[in-house]
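Chemist: Take a look at the following structure, please.
The values are calculated or read from the model by the stated rules, or taken from the named source; none is laboratory data. Please read all numbers here as calculations on a predicted model, not as lab measurements. When we count neighbours, we look across all protein chains shown, and the Cβ atoms used for this are built from the backbone with ideal geometry, even at glycine. Keep in mind that these areas ignore ligands, DNA and RNA; they rest on the heavy atoms of the full protein, side chains included. Shrake-Rupley method; radii C 1.70, N 1.55, O 1.52, S 1.80 Å.
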Amino acid sequence: MKNTIKVEEMAMLVLGIYLFSLLNYQWWWFLLLILTPDFGMIGYLFGNKIGAISYNVFHHKGIAVAIYLIGIYLAIPLWQLVGVILFSHAAMDRVFGYGLKYEKGFKYTHLGEIGK
């Protein structure tokens, strides 16, 4: 099952890259911004509960898709970019086994414990 999830997430990452290619930004923007959603980890400075919430907000694909679609509806390319980056980053993380976090601690995710 884990391999199926990884293949599915890789396909979503490819979709994110394709959607980025439709935007009017140079490719170096994608490379520069792809890791920015990890700033959500800063919440862990305030404990596991706040950390899990802030991490999950920056790594939730539903939020990413909503931001992207609002950007399309309002014709705001920056919102489209933010949505694509959030979506692509979340898919990339899940390819490597990093899922949405539980309040128990950073290594406990919806995909299983990191490092096992």
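Chemist: Tell me which residues, restricted to region 30-41, are open to solvent by less than 90 Å² (accessible area, probe 1.4 Å) and either in contact (Cβ under 8 Å) with a residue 24 or more places away in the chain or farther than 13 Å from A90 by Cβ (or both). Before the answer, list the steps.
Modeler: From region 30-41, those open to solvent by less than 90 Å² (accessible area, probe 1.4 Å) are 30, 33-34, 36-38, 40-41; that's our starting set.
Selection gives F30, L33, I34, T36, P37, D38, M41.
Chemist: So, one more: Would you pick out the residues in region 62-85 that are closer than 15 Å to S21 by Cβ and either touching a Cys at 6+ places or on another chain (Cβ under 9 Å) or open to solvent by less than 60 Å² (accessible area, probe 1.4 Å) (or both)?
Modeler: Y68, Q80, L81, G83, V84, I85
Chemist: Go through region 42-61 and give me each residue that's among the hydrophobic types (A, V, I, L, M, F, W, C) and open to solvent by less than 40 Å² (accessible area, probe 1.4 Å).
Modeler: A52
Chemist: Which number in (1) under 21 Å from V7 (Cβ atoms); (2) open to solvent by less than 20 Å² (accessible area, probe 1.4 Å) marks the one condition that G105 misses?
Modeler: Just one mismatch for G105, condition (1).
Chemist: Which residue, of Y44, Y68, Y98, is more than 20 Å from M12 (Cα to Cα) and of a type outside the set (G, A, S)? Let's see the steps before the verdict.
Modeler: Working: Y68 fails: more than 20 Å from M12 (Cα to Cα); Y98 fails: more than 20 Å from M12 (Cα to Cα).
Y44 is the lone residue from the list that is more than 20 Å from M12 (Cα to Cα) and of a type outside the set (G, A, S).
Chemist: If you don't mind, another one. List pairs: first in region 94-109 and on the phi > 0 side of the Ramachandran plot, second open to solvent by 20 Å² or more (accessible area, probe 1.4 Å) and in a loop (DSSP other than H, G, I, E, B), Cβ under 6 Å, 6+ apart or cross-chain?
Modeler: G97/L111
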